[in-house]
Amino acid sequence: MLADSSIVTLALPDILVEFDSTVLGISWVLTAFNLVFALALLPAAILARRVPGPTWAIGLVVFALASAACAVAATGGFLIGARCVQAIGGAAVVSGAIELLARTTGTHQAAARLWGTAGLAGLALGPALGGILTEALSWESIFYVQAPLILLIPLALRTPGPAERGAGGKIEPQPEIALALLSAGLTGAIFLLVVMLTEGWRYSPLEAAAVVTAMPIATVIAGTFASRLGTGPPVLAAGAIAIATGLAALGILPGADWWWVIGPQILVGAGIALSLPGLTDRALGGRDPAGRRASGTIAARHVGVVVGIVVLTPVFDSQLQVEYDDVQRSGTALLLDAPLSPGTKIDLGEAIGEEVAAADGALPSLTPAFTSIEPESGQDETYAELKTDLEDEIDAAATHAFSPAFLAAAAIALLALVPIGASARRRA
Amino acid sequence: MRVLALTVAVCAAVLGTYLALGGADYKPSAVADPCEPREIDWPDGTELVLEQIGKSALDGAACELQVTREDLLIALADPETRADFLDERQISDSELEAALRGGLERAHDDAVEAGALSGIPEFLIAQVIEHAPLEVIVDIAQSETGQELAAKLAEFAGSETAQDAFGTAQEAIAQGQDVLEEGKETIEELEGLVD
């Protein structure tokens, strides 16, 4: 369940094609889930406090059935609706699970740590799982594999220990605000990066999954060191700065090849390891009836994801239109001036035009157009050069189209320094 | 604090490297100003000459309409894109037609002056430029092959005009064949004398 967003992100390009949607439209598959999830978490936490087992079991049934509904969705609207129901089930599962874990481990803080570890595992496995399922089977399969979660219901029948008594005290909102801001920025790192790799650079879902797995691997490796550094403000600030810098570096990529995005992902991954567990720990802090607080902390992260998608997707979408016009113009110039026979150029222009129309506002793939035309004898090399030049032009434009959104994501992540600093002053 | 200082240093190094490698320097490939004269090396072959005339005409029309030739060409791809282009830039159909015709006239004159265009193709193109409505000009410009283009040119010139033009050409060819025959006979006579 914690891997849901990263799994679904890898399937979005295929879903976009299936429902003939836009990036902005299809982003609601993620937005709707995270928004409803965040809204449903607090009521679910209150319910889970009273009846954790049934909350968890009912949540699993709802989540599994809604997952199956997502898999058979015939329209984008139905899919988004099913995702909303899935999110309600997911919120009940998460709230119930935290409460059950807390009663098993003794405290909500220990439960949250376990939950955090599970979250990192989900983050690490999600992209690879999403890529493999989408490429080997279909986008529907990512929802079908979530349905068997229903089989875990018997676990809810185990008798849990007594509920933890909260210590009371004043709630500090700063860690949650920081978590929300970092989550909003991280949306850029996951959602936008996958869209850039698949839609902009034309990577297959599996290739994209392999590339974006660098980030969770970095998180896991950095996590082993980060746990020794503690959760002091300098460590949290270092994490926020690393995330913001990684996102900014994604906004100024010198080229359109996979190796350019590895360094920024390592920074983001290390930043996650330095900041997210520490902020979660501080957010809980044992000061409040922690079940509700734990759900609030998770809700803050999902609100951040929603804010990230809602703010960043239009930024990217409007820039894509600008780049689209520019690349169409420069591509036309390259084709017009290419030293090929006029007949070949006209045929090629028409074939590319068909690909552009088929792409429906997205950046087109040129390979079908170029393979459908046979250049005149002796012009093979010039023909191949033109294809390379045009593809370079499209790749550069596609990469640049994402720049403002990545830089905006970096700015949002950097804002997390404000609540981190405020929290440090308050404690001092 | 050491972690923070180390992170800041690593982050600065990564950003500095990406910036130094041109990460913030992206600019789309510039397209030429259509009002700037281009060096034209007139090619051999009617098809290539016609292509050059088309490109020069596009430059001329684009310059007059104050757009790039690429934008103009994309606009002429189909009626829908043309309507959007005219609407967006507040250009009327007659202004577009005048610009295209003016561009073609200048390109035609340049080709004739450079000796790249003559004979029947020159005549037919001159007729098209002078008389054809905008739709025909665009249709001819979208010909896929030289043969198709020639057929469209002949079709437009009208049967009477075309027949006159082809009749003159046929007469010239017949006269040329007579000359060749006479030359052949002369050569045979000379060969007989040598033997």
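Pairs of C-alpha atoms in the stretch A:163-264 farther apart than 19 Å represent 53 percent of all such pairs. Our estimate of slack between A:VAL322 and A:ARG426, defined as 0.36 nm per intervening residue step minus the Cα-Cα distance, is 32.9 nm. On full extension, the segment bounded by B:LEU48 and B:SER94 gains 13.7 nm, given 0.36 nm per residue less the C-alpha separation. Cα centroids of the stretch A:322-337 and the stretch B:71-88: 15 Å apart.
Give me the angle, in degrees from 0 to 90, between the Cα long axis of helix A:380-414 and the longest principal axis of the Cα atoms of chain A, rounded to the nearest 10. With rounding to tens, the tilt is 30 degrees. Considering helices alone, the calculated mean residue ellipticity of chain A at 222 nm is -25500 deg cm²/dmol, with DSSP H runs of length four and up weighted by -39500 (n - 2.57) and normalised per residue. Spacing of the modelled spin labels on B:ALA13 and A:SER377, each 7 Å from Cα toward Cβ, amounts to 5.8 nm.
Annotation: extensible slack from B:GLU188 through B:GLU130 equals 16.0 nm (criterion: 0.36 nm per residue apart, minus Cα-Cα distance). Any idea how far the Cα center of the stretch A:403-424 sits from the one of the stretch A:185-247, in Å? Centre-to-centre (Cα) distance: 15 Å. For A:PHE225, A:PHE37, A:PHE370, the sequence from fewest to most other C-beta atoms within 10 Å is A:PHE225, A:PHE370, A:PHE37. Springs between Cα atoms under 10 Å define the GNM used for chain A, and in it the highest mean-square fluctuation of A:VAL418, A:VAL305, A:VAL29 occurs at A:VAL418.
Take the Cβ atoms of B:ALA32 and A:VAL310, set R0 to 41 Å, and the FRET efficiency comes out at 0.50. Modelled this way, with points 7 Å down the Cα-to-C-beta line, the labels at A:ASP337 and A:VAL72 are 5.8 nm from one another. Across the stretch A:295-370, counting alpha-carbon atoms alone, Rg and Dmax equal 19.5, 66 Å.
Here is the list for the stretch B:9-89: trypsin sites (Lys or Arg not before Pro) lying in DSSP coil, each with at most 13 other C-beta atoms within 10 angstrom of its C-beta, are B:ARG38. Put in line by how crowded their Cβ is, counting other Cβ atoms within 10 Å and starting with the fewest, A:THR187, A:THR104 read A:THR104, A:THR187. Note on chain A: with a GNM built from Cα contacts shorter than 10 Å, the maximum mean-square fluctuation among A:GLN379, A:GLN321, A:GLN86 falls on A:GLN379. Both radii are taken from the alpha-carbon atoms of the stretch B:15-87; with Rh as the Kirkwood radius, Rg/Rh is 1.18. Stokes-Einstein diffusion for the stretch A:1-83, with the hydrodynamic radius set to the Kirkwood value over Cα pairs and evaluated at 20 °C in a medium of 1.002 mPa s, equals 155 µm²/s. Which is the longest run of chain A containing none of the trypsin sites (Lys or Arg not before Pro) found in DSSP loop states (not H, G, I, E, B) with at most 14 other C-beta atoms within 10 Å? Formally, the longest exposed-site-free interval is A:171-428. Inter-label distance, A:ALA359 to A:VAL145: 3.0 nm, where each label sits 7 Å from its Cα along the C-beta direction.
Straight-line reach from B:LYS27: taking Cα to Cα under 16 Å and skipping same-chain neighbours fewer than 8 places apart, the aspartates and glutamates in range are A:GLU323, A:ASP325, A:ASP326, A:ASP389, A:GLU391, A:ASP392, A:GLU393, A:ASP395. Once the Cα atoms are used to define both axes, helix A:214-229 deviates from the longest principal axis of chain A by about 30 degrees. Percent of Cα pairs in chain A per distance bin of 10 Å, from zero to the largest separation: 5, 21, 29, 23, 12, 6, 3, 1, 0.
Only the coordinates and a few stated rules stand behind these numbers; no lab work does. Because the structure is a prediction, the values reported are computed rather than measured. No Cβ is skipped: glycine too gets one built from the backbone with ideal geometry, and neighbour counts run over all protein chains shown.
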